[in-house]
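No value in this document is a laboratory result; all are computed from the given coordinates. Computed from a prediction, not measured in an experiment: that's the story for all the values here. Here the Cβ positions follow ideal geometry from the backbone for every residue, glycine too, while neighbour counts run over all protein chains shown.
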Amino acid sequence: MMTRCLAWAALVVWGTAIQQADASEPAASGDVRWRDVPHTDTVFKPTKYASLAEWKQRREWLVDQVRFAAGLYPEPERTPLKARIFGRLDRDGYTIEKVHFESVPGFYVTGNLYRPRGVKGNVPAVACPHGHWPKGRLNHDERGSVPARCITLARLGAVVFSYDMIGYNDSKRQIDHRDKQLNSPRSSLWGLSSLAMQTWNSVRVLDFLQSLEGVDPERIGVTGASGGGTQTFILSGIDDRVKVAAPVNMISSTMQGGCLCENAPLLRIETNNMEIGALFAPKPLLLVSATGDWTKNTPTVEYPMIRGIYELYGAAERVANVHVDAPHNYNLASRNAMYRFFAKWLLNRDDADTITEGDIKVEKPEDLLVFTDDNLPADILRPAELVAQAKVAARRKIDALRPTSRSRLDELSRVVRFGVKHATCSVLPATGNAPTYSHSNEEGITAAGWQFSYRLYERSRRPVQKQRFVSPAGSPAVSVITICVHPDGVRAKEQVRDLIAEPPSRPTAVLCIEPFGTGSTRPPDNLDKPRGTTKFFTTFNRTDAAETIFDILTVLGAALGNQDTRQVNLVGFGRMGPMCLAARALVPAELTKARGLQTVVDMNGFDIDSDDAYLKQLNLPNMRRIGGLRAVAAVAANGPIWFHNAGEQFDEQWVKGAGEVNGVEVRVTRERADGKAIAGWLADSR
């Protein structure tokens, strides 16, 4: 499933073998992750899936990834909407009302509700996000008219809600569209962003529509253009309540969205809008594209790819593309295509082919806008208050899972493993996607009873990369493997030599790896652009910490997946300690027991309650939303584990509680341990 490149590891050596081993040490690598940095204008190639089973597996991952990126895991509490509907206007065949409700306490969704007149029984509903039009939901011109589509859909028999993107029209009274506090690196640690807020607003819009008398809750459609198109396919892909969708002028292989509200961290790592749009299959989907924008290739590139997914379901007739000769738009031709598609698949009308737009009455802005200086709610929250409130709510959810019982620890483990998996966009290979390796002595060095050779790891069909491996000379196999992860990698001789017994007395082996950004994987000198400086970098790329954890997981998975190994030790030194801990949390209890996994983690004095500490040492988007290292450490405590160099802020009650529930040794010390002490503890804990 994952397709990024792997760890490059090197063996720690000493004594007579140091010079020989260092002589063959690879130079700074050409690791593709320093240069292969996709961004919003990268040209993505369509992916073809061979079977429905293959797509469903991919779809399950993607839905979870999009939900996590959108701040919907753990999901915010669905607090009362407190909806207010007022200011009714009676028009020819429809009515218009003003609406506001709270998606979270103190944050208001604002818009206009269009209802058909003279219709009996339950009717379908349509959510209409507007996109980046100059006048937002009030925009009415030749290129795009939001009121026109709402009025026409209401005349056709649907209840329609046109609502503000954050920072537009009425919402602008509360927050800017590109608010810096909501989109800061610190906020990303908590799963907060403009995209997350807008997606949650859209989820609550569906709640609002389903709450209305006369609405059929099983017939809900969504349509919007441009940024509203992004909102359409994001919402449609993750919320099963949407039954028909029409994202207009947005799904493209060449441009994924140019605004903060379309680019949350983690959203498109190893994916793109084509795949996200295909999540809606096999439900009815209309792609409207244009000759004059980034959807110009839709008939030959994006549409065939998405149609291919529908064909796997045997539902090709449910997806369609209408290509309009126009610039970026939601113009009359595009709207007519949508009306006819919705009439067939949502409104159940038999005259779909004849539907056109009638006369549109343009209302005065003051008759559609919800707020005035006089009626702005007293409890409306500003951005800093919204961010603070969201953090409190996230903490409350995780604190409720404090591991004082088996049921709480099991739920905490589910949340943390889901979060770490999607924050790093990786899995533990031993759980079903183990990397393959071969053992070669062609470049081997033998000294002091030890054999220095190579293991070659391959994961997900990516290029094989070398790792130096030390084992007793002449031993056919090893039963104990100690994986050492040190910031200095192969150069950390003094710190880890005590972990290697001399002379070797049993089939043990030590592997000291150099994960991403260390040793031979350090950045090359001739980079055109420093990694992390491209626009929306974390939307399309793992952070450096996530790449490091991916590499650790690759090696850890290979060791745990080796049936000849009876014990695996994982030792993280210095700043590598917290990263090893994040990887360790993905190992389930049954695998920990089967492979006798023991772990020693240098907490490096990490302040687990400081956003700055995470940004400097463990920058993983959404990390604090899942409880941070307090929760991660507790989940990792399903086998013998020693936390040393723990700062004063380290909450040992969580890990001790998890250890008691699991019946395993959990040791916490404030001082940094040396190699001899670590070796002694590993030997005594076997």
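Which value results when the Cα radius of gyration for the range 155-299 is divided by 2.2 N^0.38 Å?
Details: Rg = 15.5 Å, N = 145, 2.2 N^0.38 = 14.6 Å.
In units of the 2.2 N^0.38 Å rule of thumb, it is 1.06.
Please report, in whole Å, how far the alpha carbons of the range 230-313 spread along each principal axis, starting with the longest.
Here the Cα extents, ordered largest to smallest, are 31, 28, 22 Å.
Let me see the pair-distance distribution of the range 280-433: every alpha carbon pair, 5 Å bin width, integer percents in order.
2, 7, 8, 9, 9, 9, 9, 12, 15, 11, 5, 2, 1
Determine the equivalent ellipsoid of the range 93-360 by diagonalising the alpha-carbon gyration tensor, then write out the semi-axes as square roots of 5 times the eigenvalues, largest first, rounded to whole Å.
On the way: eigenvalues 127, 111, 60 Å².
For the range 93-360, the ellipsoid semi-axes come out as 25, 24, 17 Å.
To the nearest 20 debye, what is the magnitude of the charge dipole of the range 291-349 about its Cα centre, counting +1 on the Cβ of each Lys and Arg and -1 on the Cβ of each Asp and Glu?
On the way: 7 positive and 5 negative charges, 58 e Å.
Dipole about the Cα centre, nearest 20: 280 debye.
Run the helix sum for the chain: -39,500 (n - 2.57) per DSSP H stretch of 4+ residues, divided by residue count, reported at 222 nm to the nearest 500 deg cm²/dmol.
Values: 21 runs with 215 residues, N = 686.
Counting only the DSSP helices, I get -9500 deg cm²/dmol.
For Cα pairs less than 8 Å apart in space and 6+ apart in sequence, what is the mean separation divided by the residue count of the range 93-360, i.e. the relative contact order in percent?
Values: 557 pairs, mean separation 46.7, N = 268.
Worked out over the range 93-360, it gives 17 percent.
For the chain, just the Cα atoms, rotate onto the principal axes and tell me the three extents in Å, largest first.
Principal extents (Cα only, largest first): 93, 51, 42 Å.
As I understand it, the dipole of the chain uses +1 on the Cβ of Lys and Arg and -1 on the Cβ of Asp and Glu, about the Cα centre. Which of A673, A333, P282 lies farthest toward its positive end?
Working it through, the farthest residue towards the positive pole turns out to be P282.
At 37 °C and 0.692 mPa s, what whole-number value in µm²/s does Stokes-Einstein give for the translational diffusion of the range 87-157, with Rh from the Kirkwood sum over Cα pairs? Can you show the working numbers first?
Working: Rh = 13.4 Å.
Rounded to a whole number, D works out at 246 µm²/s.
Lys and Arg at +1, Asp and Glu at -1: add these up for the other residues within a Cβ distance under 13 Å of V392 and post the number. Could the numbers behind the result be given before it?
Details: positive: K391, R395, R396, K397, R624, R625; negative: E77, E385, D399.
Spelling it out: positives minus negatives among the neighbours equals +3.
Let's see if you can work this out: charge +1 on each Lys and Arg Cβ, -1 on each Asp and Glu Cβ, no other charges. What is the dipole magnitude of the range 93-360 about its Cα centre, in debye to the nearest 20?
Working: 27 positive and 27 negative charges, 71 e Å.
Dipole of the range 93-360, to the nearest 20 debye: 340 debye.
Could you compute the FRET efficiency for N348 and E60, with r as their C-beta to C-beta distance and R0 at 30 Å, rounded to 0.05?
Values: r = 31 Å, r/R0 = 1.03.
It comes to 0.45.
Please compute the net charge surrounding C128, taking Lys and Arg as +1 and Asp and Glu as -1 over other residues with Cβ under 13 Å from its Cβ.
Numbers: positive: R137, R149, R335; negative: D164.
Combined, the nearby Lys, Arg, Asp and Glu give +2.
With no solvent and one equal point scatterer per Cα, compute the Debye intensity ratio I(q)/I(0) for the range 263-306 at 0.17, 0.18, 0.24, 0.30 Å⁻¹ and report its log10, rounded to two decimals.
-0.55, -0.62, -0.95, -1.10
Could you tell me which of T254, I380, A631 has its Cα farthest along the dipole of the chain towards the positive end, charges placed at Cβ (Lys, Arg +1; Asp, Glu -1), taken about the Cα centre?
Final value for the positive-end residue is A631.
May I ask which residue of T543, G131, T592 lies farthest towards the positive end of the charge dipole of the chain, with charges of +1 (Lys, Arg) and -1 (Asp, Glu) on Cβ and the Cα centre as origin?
Sorting the options by dipole projection puts first T592.
N169: net charge of surrounding residues, Cβ under 10 Å, Lys/Arg +1, Asp/Glu -1, itself excluded?
Working: positive: K135, R137, K172, R173; negative: D164, D170.
Here the charged neighbours net out to +2.
Based on the alpha-carbon gyration tensor of the range 130-186, what equivalent-ellipsoid semi-axes (square roots of 5 times the eigenvalues) come out, in whole Å, largest first? Mind dumping the intermediate values first?
Values: eigenvalues 153, 30, 15 Å².
Equivalent ellipsoid of the range 130-186: 28, 12, 9 Å, largest first.
Charges at C-beta only: +1 for Lys and Arg, -1 for Asp and Glu. How large is the resulting dipole of the chain about its Cα centre, in Debye rounded to 20?
Values: 84 positive and 77 negative charges, 143 e Å.
I would put it at about 680 debye.
How do 211-218, 555-562, 101-108 rank on mean C-beta neighbours within 10 Å, highest first? Let's see the in-between values first.
Numbers: 211-218: 13.6, 555-562: 24.0, 101-108: 20.5.
Top of the packing list down: 555-562, 101-108, 211-218.
May I ask you to derive the relative contact order of the chain, considering only C-alpha pairs under 8 Å and at least 6 residues apart, and to give it as an integer percent? Numbers along the way, then the final one.
Details: 1488 pairs, mean separation 118.7, N = 686.
Normalised by residue count, the contact order of the chain is 17 percent.
Give me P(r) over the range 601-678, computed from all C-alpha to C-alpha distances, binned every 10 Å, as integer percentages.
The calculated distribution, bin by bin, is 20, 49, 29, 2.
May I have the extent of the alpha carbons of the range 522-573 along their three principal axes, as whole Å values ordered from largest to smallest?
46, 25, 19
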